[in-house]
Each structure stands twice: as C-alpha cells, then as structure tokens.
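One structure below.
The values are calculated or read from the model by the stated rules, or taken from the named source; none is laboratory data. Everything numeric here is computed off the predicted structure, so don't read it as measured data. As a convention, Cβ positions derive from the backbone with ideal geometry for all residues, glycine included, and neighbour counts pool all protein chains shown. The protein model used for the area step is the full one, side chains on, heavy atoms only, and it has no ligands, DNA or RNA in it. Shrake-Rupley method; radii C 1.70, N 1.55, O 1.52, S 1.80 Å.
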Amino acid sequence: MLQTKNYKFWFCTGSQDLYGDECLAKVAQHSKQIVDELNKTGILPYELVWKPTLITNELIRKTFNEANADEECAGVITWMHTFSPAKSWILGLQEYRKPLMHFHTQFNEEIPYDSIDMDFMNENQSAHGDREYGHIVSRMRIERKVVVGHWSDPVVVGKIASWMRTAVGIMESSHIRVMRVADNMRNVAVTEGDKVEAQIKFGWEVDAYPVNEIAESVADVSMSDTNALVDEYYDKYEILLEGRDPEEFKKHVAVQAQIELGFERFLEEKNYQAIVTHFGDLGALKQLPGLAIQRLMEKGYGFGAEGDWKVAAMVRLMKIMTAGMKDAKGTSMLEDYTYNLVKGKEGILQAHMLEICPTIAEGPISIKCQPLSMGDREDPARLVFTSKEGRGIATSLIDLGNRFRLIINDVDCKKNEKAMPKLPVATNFWTPQPDMYTGAEAWILAGGAHHTAFSYDITADQMGDWANAMGIEAVYIDKDTTIRGFKRDLMLGEVFYR
Ligand code: MN
C-alpha cells in the first residue's frame, strides 16, 4: 500500500568553462565520488544519481527539463563546485517544477595548509560559488532547502535524507485521493474546508461515495475470506472477552474483518489512498468501522473521523513520508481527549472513539468489544493499546477561509501514569512543548483542531518544508515558543498570506 515510485534524486554540480578541461575533469571526479559515498552510507532513503557538470545555460535548462519529465526523479540537488555565473541558471530554474535542494558543501574537509595555492583556489570555490547561486534562487523567490556542511558528516547526510522524504511527500501529495463515505459531522467547523482549494494547493482529490456502495462491497466479502482474517486477528492479538460470550464476541470481530476486506477492495478498485467515515452515517454497515480502520491505517491508508478529509489526507501524506523508514515508531490520527492538570504531571490523553493506528503501539495489542455510546449500531470491535514514549509532532491543517494554515507542535509522549482498565480505546499521552499551558494556549490561538495527524518519525522542519513547498503558512509550537512571539508569528502570517 505504501509502495510509491522508485524515486531517485539527481545530483547536479555547477561550474563553467573558464577553468579548462583539467579542472572540469576534477570537478566531475569529485562530484562522482561524493555521490558514490553518499549512496554508500545507507542513510539516504532514495538513490542519488550523478549528472554531468552543468556549465552552460543550455545544459542547465535541458537538465532541469529532463528532471521535470522523468517520472522517477523526485528532486534535484545542486552544488557549485566552482564559480558558476548565476544568470546561466535563470531559465532552467524558471522552468523547473520539482523539489530543489542546494547542498552547500565542498570537496575537501580541511584547508590544505601546506599545499594551498591559486590552482587550488580556482578549483575549489564552493564558498563563494554557492553564494552566487544562492543569490539568484533567492532573487527568483524559489522555494528550496539549503543544507550546509561537509558531505562526509553523518549529521549532514541525515539532513539530506530527511529532506528526501519531504520531497517525496511533495511529489506524492498530488497522488493522494480521499474517499468520503460520509459528509462532515453536522455543525462541526474545524473539520470543514475548501476541497477545490485543497486540490489546487496540495493536489488532493476528495470525492464522495454513497456509504451503501462501500457497504455492498463489504457484504460481498465471502464468509471464508472473513473467517481467515478473523483467525489472523486471533493469532496476532489478545482477546479480552470481559465477560462476553466467546462466540458472540467472535461474531462482532468478524463484522470488522469483513469491513476491512470490503473497504480495502473498494478503495483499491477505485484507487483511493485515504478514507473518512462518520459514526452517524453508516448505511447498511453493522458497526462503526473500528478495528477495520485501524488495520487499514497500519497498511498505510490515511483516515479521518467524522468526515475529516484534511486529517485523512495528512495521515496518508505522513505515512508516505515515513515509508520504509528503519525503526519507525508510527503515524496515526489522534484526538485531544482529556487533560491531566495535576502540577508536574500535565498532559493530554490522546484517543478517539476507536480509530488509532496500531503502528504507534507499544506492548500487547488486544481486541475489545464494547458499546460505542454514540450512534445506533452494534458494539464495535476495536484494537486497544498504549503508545510509545518519545518525541513526536502533532499537526493540524486548518482552513482559515482565505488560506490554509499548518500548525505543528512538538510533543513529548509519555507512559500513562496508571492503567485505565475501563477505557476501551487505544491511547497516547503527551505533554505539548514548551509546556502544557503555553502549548495549549498557542494551539488554541492558532485555531488548531481537535483531530491531529501525529507521527513519531517526522520532524517539524520536514512538515514546515512541505508546507512552504505547497505555498501555505506553517506555524511552529516548540521549546522556543512564547505567547508573545507566537502572536507575532500569527500576525505576520495574516499580512503575508492574505
Ligand atoms: Mn473525533
């Protein structure tokens, strides 16, 4: 489900023909070596492809247009080994449409004190060549990532790696298709939004289907397929009957297995990667999809509850950005549920009615079957667990009427202080940075929603870079946030993004 294209990134080195063939041969040799070494680190999630040195307007323009046309190219990384007069880049940059990184590095790590002479200076000019190039990109107001440092430094390579994930998010954003099988929950404001503008800005297609069409797909799933999946559930998860009859319990679980298979088939057939539901609009479905949605999210589908298509698309986007990540800790939709306001233990219990992605779980995962106390359907089966500790980000994309704003909050996830045996839903618990009080105040001032797209595996910078690439406002709530400063950020956004 999370398979995307076999993306690659092009490494383009800038120079000019003023220095003679010998120098240009060394430039090519150096950049090839850098590309080889970077590929060998095992840190980059996508392959770097070396391209011949860009020395003329024509070649620069041609290369950028080839990058545009190559479906597997997710971005170009540029570096000026020598001085490359930046006017030669104008046409190419004007025509280029994919993510751009400016890697400000140099071949040698240390100044060669004993041997440095004018030949060396002519050949190794990144320090000023990259400034010339950076100027034109800034003058042209082109969004790009600048990474500074020696190419052998793992920290620097890590920055390239995380930008690659952002770039793939930018490329894949326009392939996200959200299926709405229910409209927005009545009267709820923050989950609403302008779907046309979302398609213009982010490339998302958001389409509605009658809930009974997907319910038919569920009804068409055979008993044997359903039972096979139930067996898989019973192997994989703990069964917490809590006094219910085992056979009756299993029937409730089977309803979710049938929904999982029916939904997945319907989504695949119609080519959607994210879905929204609504507990108040279930048509012929016997239960609110709980366990079924949790499993689909685990497979990489985006999800938003109560018709929240913005969160569904964001969860899908963040799943793409973390795809294949080693030791990933998980990405899910969450909802601010209730507070602990005891001094020194402040935090927000995160949960939802049912639909939390098991990728964020730590420890055993159980199936429970409990009344929903909302809507009019059977007691739905759901996966129950607690979540991992550690840093994460909570994001909320809101529609302010004239524009979108992405709110990004660094949060510290903690173990629940005590077990909550009567709470039949999966949970996370976090303290927003910089602290509970400032974090929640800033979130509310920014207009952040109660639903969030959350990940342990993405940084605020990655999401901010994605927002910048989409041309929307991003605001950060983190360790450095003060309410005065944050209000100024919001004021600047009102002016800049009008
Ligand atoms: Mn909700």
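Quick notes on this one:
- Close pairs from region 34-62: first among the charged types (D, E, K, R), partner modelled with pLDDT of 95 or more and open to solvent by 60 Å² or more (accessible area, probe 1.4 Å), Cβ under 6 Å, at least 6 apart: R61/L91
- Scope region 449-461; condition of a type outside the set (S, T, N, Q), in contact with a helix residue (DSSP H, G or I) (Cβ under 9 Å, 6 or more places away or on another chain) and more than 14 Å from the ligand (Cβ to nearest atom); matching residues: Y456, D457, I458, D461
Conditions (1) in contact with a Leu (Cβ under 6 Å, 6 or more places away or on another chain); (2) modelled with pLDDT of 95 or more, marked per residue:
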{"residue": "T13", "(1), (2)": "no, yes"}
{"residue": "G20", "(1), (2)": "no, no"}
{"residue": "S31", "(1), (2)": "no, yes"}
{"residue": "I43", "(1), (2)": "no, yes"}
{"residue": "V49", "(1), (2)": "no, yes"}
{"residue": "I55", "(1), (2)": "no, no"}
{"residue": "I60", "(1), (2)": "yes, yes"}
{"residue": "T78", "(1), (2)": "no, yes"}
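- Selection count, region 1-32, where residues are part of a strand (DSSP E or B) and free of Cβ contacts under 8 Å to residues at least 24 places away in the same chain: 0
- When restricted to residues that are in a loop (DSSP other than H, G, I, E, B) and in contact with a strand residue (DSSP E or B) (Cβ under 8 Å, 6 or more places away or on another chain), region 328-344 contains 2.
- Any hit, region 162-180, residues being open to solvent by 50 Å² or more (accessible area, probe 1.4 Å), part of a loop (DSSP other than H, G, I, E, B), under 30 Å from A127 (Cβ atoms) and more than 16 Å from the ligand (Cβ to nearest atom): no
- Residue under evaluation V230, criteria (1) open to solvent by less than 60 Å² (accessible area, probe 1.4 Å); (2) touching a strand residue (DSSP E or B) at 6+ places or on another chain (Cβ under 8 Å); (3) in a helix (DSSP H, G or I), criterion not met: (2)
- All positions within region 225-262 that are in contact (Cβ under 8 Å) with a residue 60 or more places away in the chain and of a type in the set (D, E, K, R): K236, E238, E242, R244
- The one condition in (1) in contact with a strand residue (DSSP E or B) (Cβ under 9 Å, 6 or more places away or on another chain); (2) surrounded by 13 or more Cβ atoms within 10 Å (Cβ to Cβ) that I90 fails to fulfil: (1)
- Candidates M314, M353, M333 - the one that is within 16 Å of the ligand (Cβ to nearest atom), at pLDDT below 95 and closer than 29 Å to E441 by Cβ: M353
- Selection from region 365-378 of residues that are open to solvent by 20 Å² or more (accessible area, probe 1.4 Å) and at pLDDT 95 or above: I365
- A219 surrounded by fewer than 19 Cβ atoms within 10 Å (Cβ to Cβ) and closer than 30 Å to L400 by Cβ: no
- Reported count of residues in region 458-498, each being acidic (D, E) and either open to solvent by 60 Å² or more (accessible area, probe 1.4 Å) or on the phi > 0 side of the Ramachandran plot (or both), is 4.
- Filtered residues of region 363-381 (kept if in contact with a strand residue (DSSP E or B) (Cβ under 6 Å, 6 or more places away or on another chain) and charged (D, E, K, R)): K368, D379
- Among the residues listed as L267, L282, the single one being away from the ligand (no atom under 13 Å from the Cβ), within 18 Å of A182 (Cβ to Cβ), among the aliphatic types (A, V, I, L, M) and over 21 Å from the mean Cα position of the chain (by Cα): L282
- Lone qualifier among T386, T338 - being within 16 Å of the ligand (Cβ to nearest atom) and either at pLDDT 95 or above or of a type in the set (A, V, I, L, M) (or both): T338
- Among residues of region 445-461 that are in the same structural domain as L397 (by TED's automatic domain parsing) and among the aliphatic types (A, V, I, L, M), those with a beta-carbon under 8 Å from a residue that is open to solvent by 20 Å² or more (accessible area, probe 1.4 Å) and within 14 Å of the ligand (Cβ to nearest atom) at least six positions away or on a different chain give the pairs A449/V190.
- Residue in region 299-310 that is assigned by TED's automatic domain parsing to the domain that holds N184, buried (at least 16 other Cβ atoms within 10 Å of the Cβ), within 16 Å of the ligand (Cβ to nearest atom) and at positive phi present: yes
- Test: residue in region 423-434 that is open to solvent by less than 20 Å² (accessible area, probe 1.4 Å), within 30 Å of V147 (Cα to Cα) and within 16 Å of the ligand (Cβ to nearest atom): no
- Every condition in (1) at pLDDT 95 or above; (2) more than 16 Å from the ligand (Cβ to nearest atom) is met by E242 except one, and the failing one is (1).
- Going through (1) surrounded by fewer than 22 Cβ atoms within 10 Å (Cβ to Cβ); (2) under 18 Å from M314 (Cβ atoms) one by one, S396 falls short only on (1).
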